[in-house]
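Derivation of every value follows stated rules applied to the coordinates shown; laboratory data play no part. What you are looking at is a predicted structure, and each value in this text was computed from that prediction instead of being measured. As a convention, Cβ positions derive from the backbone with ideal geometry for all residues, glycine included, and neighbour counts pool all protein chains shown.
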Amino acid sequence: MTALVRFRMVAIALLVASTLTANCWAGKYNNALSIGDAAPEWKDLPGTDGERHSLAELAKYDVVVIAFTCNTCEYSIDYEERLQALHKQLSAGGRAVLVAINPNQIKEDLLPAMKERAETRGLDYLYLHDDTQQVAKSYGATWTPEFVVLNKDRKVVYLGAMDDNPELKKEQTTKYVEAAVAAALAGKVPEVAETPGVGCLVRYVRERRKKK
């Protein structure tokens, strides 16, 4: 897929998203959270490691990075190596952790497929499935991938894209998530706290209208 085609896809998705959520933003680009908000709790999410996980179990970490992602979006696929690299970087420091959450419900994004992809690709960060999509909704996730950084008090300090360049073979000049993590570990607010997400729209299940 050419860069021009991908750009057009993003532009169309942005237009759709803005139409659907006009006048209901909480933050600058997020429809549920603002910087400084308390992180919504989540628990009992099944992971590719065969266990179930919660936000509370991550209490030992000073910073939590949540990545809403999936198996099927081309952007998410392109970002897998960057996620793995970030995971290794955070693990080496020992004070921060990366958690990837897949909210999509199509067959290729369900837990069995997630386990297969994690094994095939050697992804050893926490990769969880949001069975009900309620976690994604509570965090205002619109895109895959899309990131939320939480500080020690589990307040939101960053919302948006991982970096400034989604192109697979091009360098990123600004790594927003890494900068937000560094700031949070230092007890500071990141210089850039919000950016628009870039990726595929989350495949939210449409709720059927109840018959009158």
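See the values below:
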item: Shape of the range 80-119, Cα gyration tensor, a/c cut at 1.5; result: prolate
item: Residue-count net charge about residue 68 - beta-carbon cut-off 11 Å; Lys, Arg +1, Asp, Glu -1; result: -1
item: Partners for residue 137 among aspartates and glutamates (Cα-Cα distance below 14 Å; same-chain residues under 8 apart left out); result: 41, 146, 207
item: 24 Å Cα-Cα threshold exceeded, pairs from 152/175; 88/152; 88/115; 28/115; result: 28/115
item: DSSP bridge orientation in the range 3-201 - percent antiparallel, rounded to nearest 5; result: 60 percent
item: Positive-end extreme of charge dipole, the range 3-201 - chosen from 98, 162, 128 (charges on Cβ); result: 162
item: Candidate aspartates and glutamates for bridging to residue 60, where Cα separation is under 15 Å - those fewer than 8 sequence places away on the same chain excluded; result: 153
item: Mean separation of Cα contacts under 8 Å (6+ apart) over length of the range 3-201, as relative contact order %; result: 26 percent
item: By average C-beta atoms within 10 angstrom, highest first, the peptides 66-77, 136-147, 48-59; result: 136-147, 66-77, 48-59
